[in-house]
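> Could you have a look at this structure, given as structure tokens, before my questions?
The values are calculated or read from the model by the stated rules, or taken from the named source; none is laboratory data. All of these numbers come straight from a predicted model, not from anything done at the bench. Counting neighbours? That spans all protein chains shown, and the Cβs are built from the backbone with ideal geometry, glycine included.
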Amino acid sequence: MRLRRSADAAEAQSGTRAGILPPPRAALATAAMKIALWGLVGCGPAALLLAAAKPAAPESGPAVAEARRSAAGPSGFAELYVAAYLRAGTGDTSLKLFFPDAPPVSNPPEQRTVGRTVTTGAREVAPGYWSVTVAADVAAKDRAGTLVATGVHYFRVAVFALGDAAAGGAGRGGTPTGYVAAALPAEVAAPATGTAPDLGYDTRRRISGGPLADTVRQALAAYLGGAGDLSRYLTPGTDLRPIVPAPYRRVELGGVALSGDLPDADGAVPADGTRARVLAEVEAVDDADRRWPLTYALTVTARAGRWEIAALDDVPRLGGSGAPAVRPPPSAPATGSARPPGAPSGGPATRTPEPEPTGGSSRPSPSPPAATPSG
């Protein structure tokens, strides 16, 4: 019996060494991976190479099912890469930190600047090999040297993730973490957008007076403008707190659209317990008298002869017509700003990569880059 318990303890300890972490520790490992990525980027190429060259922990412990690989690390790396690419110029070697085979750039440095970068899509095309699309808010110098906003540009980046599933890689737990681009970024067209979805409210019939509209008006005035005690308008047990400090000094109700299940919403309050979904359109006025339109989806309940706010809904209620239709992206820049001479007027035509085959396919998967020891 003692031998059996010792064997079980040894097996559990071996599994921990192999990187099999319980859920709380796995979450900590994911956070640590993100911090390590930013640190490696700040320390330069030698740090990335050193991380890739670190020997892997010995494999031991029972086999476990393959975890879903995280896109966080590849996405963060791709955003940094695109920002460095847009700022690169003559004599700048920063691109080699991300793509060791990057060719020299002939333009003067800082011809383009980046306001911000955001990942709009990440897809794993093979184990540990990612296609990441990054949106960048770009300004470029014109012939006179003046920075001119050129709108939002989209770039697709191929990223190899070296590490375990938390890092986006295909390695086992304990595998060293690192990232490397497979090529220069490719500028692509903006993703398709959709038509406005059909909402589940009768927008042709809006009310602006009566007990329901009064409750909505007063509740949103307290929520957005600090006008009165918000709790007076809430159903008991509803957890909704006003915005502090109040961003607006006045809130005006434009109308309340109904979800279709209140035949006399602008009249008498119905029986206790009656619930309804409504969509409120307001104009909030700030201290400089600027007017900002806002929309709020609310659930309301009737109690003791009055309407009360039961919930500030996460999203408006959808109608029964299904998902919105997709329409092609525009060819003009997203901001409508003038482009400097030579700036692209739109992204090239692109083709969505086919999913990697599985099973008995003879098509080979791309091989990850070999770790290069430093010094």
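> Mind listing whichever residues of region 98-137 are at pLDDT below 95 and either in contact with a His (Cβ under 6 Å, 6 or more places away or on another chain) or of a type in the set (Ser, Thr, Tyr) (or both)?
If the condition is that a residue be at pLDDT below 95 and either in contact with a His (Cβ under 6 Å, 6 or more places away or on another chain) or of a type in the set (Ser, Thr, Tyr) (or both), then Ser106, Thr113 are the ones that fit.
> Here's a follow-up. Condition first: assigned to a loop (DSSP other than H, G, I, E, B) and over 31 Å from the mean Cα position of the chain (by Cα). Now tell me which residues in region 175-225 satisfy that.
The initial filter retains those residues of region 175-225 that are assigned to a loop (DSSP other than H, G, I, E, B), namely 175-177, 182-185, 189-192, 195-198, 200-201, 208-210.
Listed by number, the residues that qualify are Ser208, Gly209, Gly210.
> Among the residues of region 228-246, count how many are more than 11 Å from Glu308 (Cα to Cα) and in contact with a Phe, Trp or Tyr (Cβ under 6 Å, 6 or more places away or on another chain).
Step one: filter region 228-246 for residues more than 11 Å from Glu308 (Cα to Cα), giving 228-229, 237, 239-246.
Still in the running and in contact with a Phe, Trp or Tyr (Cβ under 6 Å, 6 or more places away or on another chain): 242.
Final tally of qualifying residues: 1.
> Continuing with this model, one more query. Which one of these is at pLDDT 95 or above and closer than 25 Å to Gly273 by Cα: Ala246, Ala221, Ala227?
On the way: Ala246 fails: closer than 25 Å to Gly273 by Cα; Ala227 fails: closer than 25 Å to Gly273 by Cα.
That would be Ala221, the only listed residue that is at pLDDT 95 or above and closer than 25 Å to Gly273 by Cα.
> Right, something else. Go through region 193-213 residue by residue and tally those that are touching a residue at least 60 places away in the same chain (Cβ under 8 Å), within 20 Å of Leu262 (Cα to Cα), surrounded by 13 or more Cβ atoms within 10 Å (Cβ to Cβ) and not basic (Lys, Arg).
First, pick out the residues of region 193-213 that are touching a residue at least 60 places away in the same chain (Cβ under 8 Å): 193-201, 203, 206, 211-212.
The next check asks that each one be within 20 Å of Leu262 (Cα to Cα); those that pass are 198-201, 203, 206, 211-212.
This time we only want the ones that are surrounded by 13 or more Cβ atoms within 10 Å (Cβ to Cβ), so: 198-201, 206, 211-212.
The next check asks that each one be not basic (Lys, Arg); those that pass are 198-201, 211-212.
Of the residues in region 193-213, 6 are touching a residue at least 60 places away in the same chain (Cβ under 8 Å), within 20 Å of Leu262 (Cα to Cα), surrounded by 13 or more Cβ atoms within 10 Å (Cβ to Cβ) and not basic (Lys, Arg).
So that you can scan it fast, the table gives a plain yes or no per residue for (1) part of a strand (DSSP E or B); (2) within 20 Å of the chain's Cα centre (by Cα); (3) within 20 Å of Arg68 (Cα to Cα); (4) in contact (Cβ under 8 Å) with a residue 60 or more places away in the chain:
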| site | (1), (2), (3), (4) |
| --- | --- |
| Gly91 | no, no, no, no |
| Val125 | yes, yes, yes, yes |
| Val132 | yes, yes, yes, yes |
| Val138 | yes, yes, no, no |
| Phe155 | yes, yes, no, yes |
| Gly173 | no, no, yes, yes |
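> Taking the conditions exactly as written (surrounded by fewer than 17 Cβ atoms within 10 Å (Cβ to Cβ) and in the same structural domain as Asp164 (by TED's automatic domain parsing)), does Asp137 satisfy them or not? Don't jump to the end; show me each part of the working.
Details: surrounded by fewer than 17 Cβ atoms within 10 Å (Cβ to Cβ): no; in the same structural domain as Asp164 (by TED's automatic domain parsing): yes.
The answer is no for Asp137.
> Scan region 93-120 residue by residue and report those that are assigned to a strand (DSSP E or B) and more than 14 Å from Pro185 (Cβ to Cβ).
Within region 93-120, the first condition is being assigned to a strand (DSSP E or B), and the residues that meet it are 112-120.
Residues satisfying the conditions are Thr113, Gly115, Arg116, Val118.
> Conditions first: (1) in a strand (DSSP E or B); (2) touching a residue at least 60 places away in the same chain (Cβ under 8 Å). Gly260 passes all but one, so which condition is the exception?
(1)
> State which residue is surrounded by the fewest Cβ atoms within 10 Å (Cβ to Cβ) when the search covers only region 93-102 and only residues that are touching a residue at least 24 places away in the same chain (Cβ under 8 Å) and either out of contact with any helix residue (DSSP H, G or I) (no Cβ under 7 Å at 6 or more places or on another chain) or of a type in the set (Ser, Thr, Tyr) (or both).
Pro100
> Okay, moving on. Just checking, which of Ala219, Ala227 is farther than 16 Å from Thr299 by Cα and hydrophobic (A, V, I, L, M, F, W, C)?
On inspection, the qualifying residue turns out to be Ala227.
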